[in-house]
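Okay, so here's the structure we're looking at.
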Amino acid sequence: MDERYMLKIVEQYHQSSDTKFEDITISRVPNYKTVFVEQIGDMGRSIILTEYKVDGKKYWAGYSSRSQTVYISLAA
C-alpha cells in the first residue's frame, strides 16, 4: 500500500476513530506494538507496522492485503 494513502488512513483514524476507510477495515491493536500477528483460521501472518506522525502523536500502522485491514497502534 502507498505511504501517502496509509498516512491518510491514519489521519482519518486520529480525527474520528472510525473503523472503516472506504473499503478498508481499521483495527486498533495494543499500544506500542510494532509487529502484529494476524490470525485467519489456523494460519498466522506477521504484519510489520511503520511509524506515522499526526498532529504531534505517533502511531504505528501496517496493512494486510489478505484481510484488507489496517492495524494501528498508539506509539506515544
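The values are calculated or read from the model by the stated rules, or taken from the named source; none is laboratory data. What you are looking at is a predicted structure, and each value in this text was computed from that prediction instead of being measured. Cβ atoms come from the backbone with ideal geometry, glycine included; neighbour counts cover every protein chain shown.
Contact map, region 17-46: first residue under 25 Å from Lys57 (Cα atoms) and at pLDDT 90 or above, second residue in a loop (DSSP other than H, G, I, E, B) and of a type in the set (D, E, K, R), Cβ cut-off under 7 Å, separation 6 or more or different chains; pairs are Ile26/Asp18.
Of all residues being under 13 Å from Tyr52 (Cα atoms) and among the aliphatic types (A, V, I, L, M) in region 1-31, which is surrounded by the fewest Cβ atoms within 10 Å (Cβ to Cβ)? Just the residue, please. Among them, the one singled out is Leu7.
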